[in-house]
1. Please specify each residue of the range C:193-205 satisfying the condition of being more than 14 Å from the chain's Cα centre (by Cα) and in contact (Cβ under 8 Å) with a residue 40 or more places away in the chain.
2. Restricting the search to the range C:196-251, which residues are outside any helix (DSSP H, G or I), facing another protein chain (nearest Cβ under 8 Å) and of a type in the set (D, E, K, R)?
3. Pairs, please: C-beta under 6 Å, at least 6 apart or cross-chain, first residue in a loop (DSSP other than H, G, I, E, B) and in the range B:153-171, second among the basic types (Lys, Arg)?
4. How about the range C:24-55: which of its residues are polar (S, T, N, Q) and under 16 Å from B:Leu219 (Cα atoms)?
5. Please tell me if B:Leu116 is under 16 Å from the mean Cα position of the chain (by Cα) and either buried (at least 18 other Cβ atoms within 10 Å of the Cβ) or within 22 Å of C:Gly27 (Cβ to Cβ) (or both).
6. Return the pairs, sorted by first residue and then second, in which the second residue is assigned to a helix (DSSP H, G or I) and of a type in the set (Ser, Thr, Tyr), the first residue lies in the range A:61-88 and is facing chain C (nearest Cβ under 9 Å), the beta carbons are less than 7 Å apart, and the residues are 6+ apart or on different chains.
7. Residue by residue through the range C:123-157, note down the ones that are facing another protein chain (nearest Cβ under 10 Å) and of a type in the set (Val, Ile, Thr).
8. Sort out which residues of the range B:474-493 are among the hydroxyl-bearing types (Ser, Thr, Tyr) and within 26 Å of the chain's Cα centre (by Cα), and write them in order of number.
Amino acid sequence: MHHVATTHDEGKGQYFWVWGVLLILTAVEVVLAYRQVFQPVRMLEVLMVLSIIKSALIIGYFMHLKYEIAAMKWVMMVAVVACLCLMGIFFADAFRIIHLGVQ
Amino acid sequence: MATGEVVHVHAAPQGFIRKYIFSLDHKVIGLQYYFLALTAVFVGMFLSLLMRVHMIWPTAVLPLVGEIKPETYLSLLTMHGTIMVFFVLTTAPQGGFGNYFLPIQIGAPDMAFPVLNMLSFWTTFVAFVVLLAAFFVTGGAPLHGWTGYAPLSALTNAGPGQQLGADLWITSIAIFCIASLMGALNFITTTLDLRAKGMTMMRMPLTCWAWFITAILGLLAFGVLLSAGILLLLDRNLGTSFYVPLVVVNGQIMGHKGGSPLLWQHLFWFFGHPEVYIAILPGMGVASQLLSTFSRKPIFGYKAMVYAIMAIGFLGFMVWGHHMFMSGMSPYSAFAFSLMTMAIGVPSAIKTFNWLGTLHKGRIRFQTPMLYAIGFVSLFVSGGLSGPFLAQPVLDIPLHDTAFVVGHFHLIMGVAAIFGMFAGTYYWFPKMFGRMMNETWGRVHFFITLAGTYCIFMPMHYLGMAGQPRRYSQFTELAYLQHLIPLNTFITYAAILTIGAQFIFVINLFWSMFKGPKSSDNPWEATTLEWTTATPPPHDNFGGRTPVVNHGPYEYSVPGAPRDFVMQTDPASVRTH
Amino acid sequence: MSDVAVQHGIAGAYEPSLFGTYSKKIGMWLFLLSDSLTFGALLFAYSYGRISNPDWPTPFGKASIANATIMTGCLLSSSLTMVLGVLAARRGDFRWTRWWIFATMVFGSAFIVLHAKEWSGLIGEGMTPFKNPWAPNVPQFGGTFFTLTGMHMLHVTIGVIYLGVVALRKKFLPVLLALWLIVWLVTPADSIFHIAVHVLLVGAVVAAVILFLKPKDYDAHDVEIAGLYWHFVDLVWMFIFPLVYLMSTRV
């Protein structure tokens, strides 16, 4: 393999930290869910927030997006997040199905 | 980054197969896409001819299909839509012209990933073959229209074409999604990474901007359709119930339960509406390029044009629900979708205004490419104006599923995009083949096609308002539609004439390829990079050198300049606007 | 196929990249962007089905959750070894890169094996894509579960093959074929994995074609983009795990 110089060799330490935090967050999720700490809707919100934090850690550190230039960060993240948020509009109809009593 | 970026440029290939079949050269791949689309458009056109003839003479026995039964008609309709939307409107402007001219116009030796480019074409080819295979299997081609609405598409016993034909249809679409994804990420990376020195984003020709934004739309939209298609295949073959509620077919209760046909519509149109812009944006790019070149004027409001393309791309993702006003969708989301759809008229109007501004007081050269560019604007406006009607739920409810909608989308998405392709063909033909196309026959072709398409699609608006539904194979028996038969007959005759005129184009194309007068390197006196290189361009586009760009793309009629145009590669010392 | 290299850098003949990095990385990111929408659409389809069917079953007990938690741990740890592999490749440390990639592949394979065992268990309990023993009125439960996890497992499998090709190139092909044969022979003929294992065969053929078309050494950039793909697979699981498993824990 060719040697490729880099401008940001940050050392290994931070990756172990991130890994540890991810494992702890997973453990928190499992405990919350298994103990049924919250009502289902609240539970969903809490789990999603934790998952978004976890994915932010993975994208930022493991996938190195933190070290890419601003244009790349913003264009990519805004595009995918916007599209996923838009799909939330589907749910208006999912709820209607219950109210209309469709089988 | 200090990392030395290495762009792999393959050596010129040897041997027929590496040169013309499995070529890595974006120019050859572009032509492959173009001729694939040309084949597809004739298949699609033939299907539409059969449908039009059947509508007027329901009992006529037609070549290849015999007497058309209602289910045959629906098969024709499905295949016409699918072939035209996927294998013509998506393939030719982006895969064909985009592949050929995006790298040249930005000064790159090839696309960023040549192997991926080749794979993308051959995957598209496989998708096309799989789709055509649906004609020949038991039961024939599917009946569910190009939109494949569930539950019809999700049940294997809902009709003769819903057996293996529908499976092949979905498989073809899924393969096409993968091909388009490969193409899209290649286009985006090429635009981001391989622009020649001086070719800043704001110096790119509007064609490149259009291809770039189209690729972004494709990248974000096709993945969703892929998922939707996988779920549909599972519903059909593994008995899952994503899209199918409790249904009874022919008195028999199906095993499905609890699914929602609306989910398919949402997923499909989440892809489907951006797809409309995938079809039309490259046409807009070509029209902008040609209007400026042949008016000998800089494009009116270059930056506004760029931002309008971006805005159309952005808003294009937020309006898919306007296809679903009649589906039982939540009225609150219908309100939001209606609002966003009206908003998309704003960037579209900006573009139209700028095109007219470009023409205003220009020294217009009425050559064939220019005629088609003007035709594009005309069709875009005509088709676009019926958009605001359909964008409002209140008006959409009576007009939905009538011929009004057929007229609307054929004008704006079908014919306008095709005019963009014609414009591109007549304009870039000298660069692609080193010869000029016949001007006289080009004009004849233009005037017949323009008049013909208006005669076909304009009356459809009246038919729709008079209540003629779409997708009906026979209506001559229905009393309330009797008075519409003469107008329908007129449309069919116009269609026959227009389709006949396309043979003028094909003959002109192939005749000029071999017998046309030789062209110079820059026959239109245009400014962009493809006109600085040899004709046809060498394997690495610029013969071993990389152009240096000093000017914007539309420097025409510059006061004090030696010629009435300043090439993008002219020395920086030349003063421009 | 001889490649002619053109230097493209700050002093090159081209404009600097708008995203300030090399093409292959941008290409991979764009692929992941579209793939995240593919997964997104599947997750939204699942959520849609779940919202519109109020009797959604919640069958996952202690054993299932423990198993899924271990799987999550495997994937997270594989991400750590992968990132260490990428660091080693950047240093030019060829040996360690390989070892870290092997570790990643081991974790990934462990994930697949655990997942496959779980699938077998659920199928044994009577769960299929169109019915499940817990809620006969909600056939979507099995369909969404198998679709989501199946699609993800396919991605993990492709990822393991991808990493194997990057680390071992042509030498990986016999390993892959041996794996295919072993799994095919040890799984009973009526098991889903008896058929699904052919993914490995298809993967081997595709890998062979790619290695034939581009017979090259994989450098630090290639390791990095393989890592991007791998982390993405991990990322998707971070949403599938809570949505599919944790939201369906048995009360």
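The values are calculated or read from the model by the stated rules, or taken from the named source; none is laboratory data. Remember, it's a predicted structure, so these values are computed and weren't measured experimentally. Neighbour counts run over all protein chains shown; Cβ positions are idealised from the backbone, glycine included.
1. Within the range C:193-205, the subset more than 14 Å from the chain's Cα centre (by Cα) is C:193-198, C:201-202, C:204-205.
Across the range C:193-205, the qualifying residues are C:Phe193, C:Ala204.
2. Initial filter on the range C:196-251 (outside any helix (DSSP H, G or I)): C:197, C:214-219, C:249-251.
Those left that are additionally facing another protein chain (nearest Cβ under 8 Å): C:214, C:217-219, C:249, C:251.
Across the range C:196-251, the qualifying residues are C:Lys214, C:Asp217, C:Asp219.
3. Listed pairs, sorted by first residue: B:Thr156/B:Arg236.
4. Residues of the range C:24-55 polar (S, T, N, Q): C:34, C:36, C:38, C:47, C:52-53.
C:Ser34, C:Ser36, C:Thr38, listed by residue number.
5. On the way: under 16 Å from the mean Cα position of the chain (by Cα): no; either buried (at least 18 other Cβ atoms within 10 Å of the Cβ) or within 22 Å of C:Gly27 (Cβ to Cβ) (or both): yes.
So B:Leu116 does not fit the description; no.
6. Listed by first residue and then by second, the contacts come to A:Tyr61/A:Tyr15; A:Phe62/C:Ser79; A:Val80/C:Ser36.
7. Correct list: C:Thr128, C:Val138, C:Thr144, C:Thr147.
8. Listed by number, the residues that qualify are B:Thr492, B:Tyr493.
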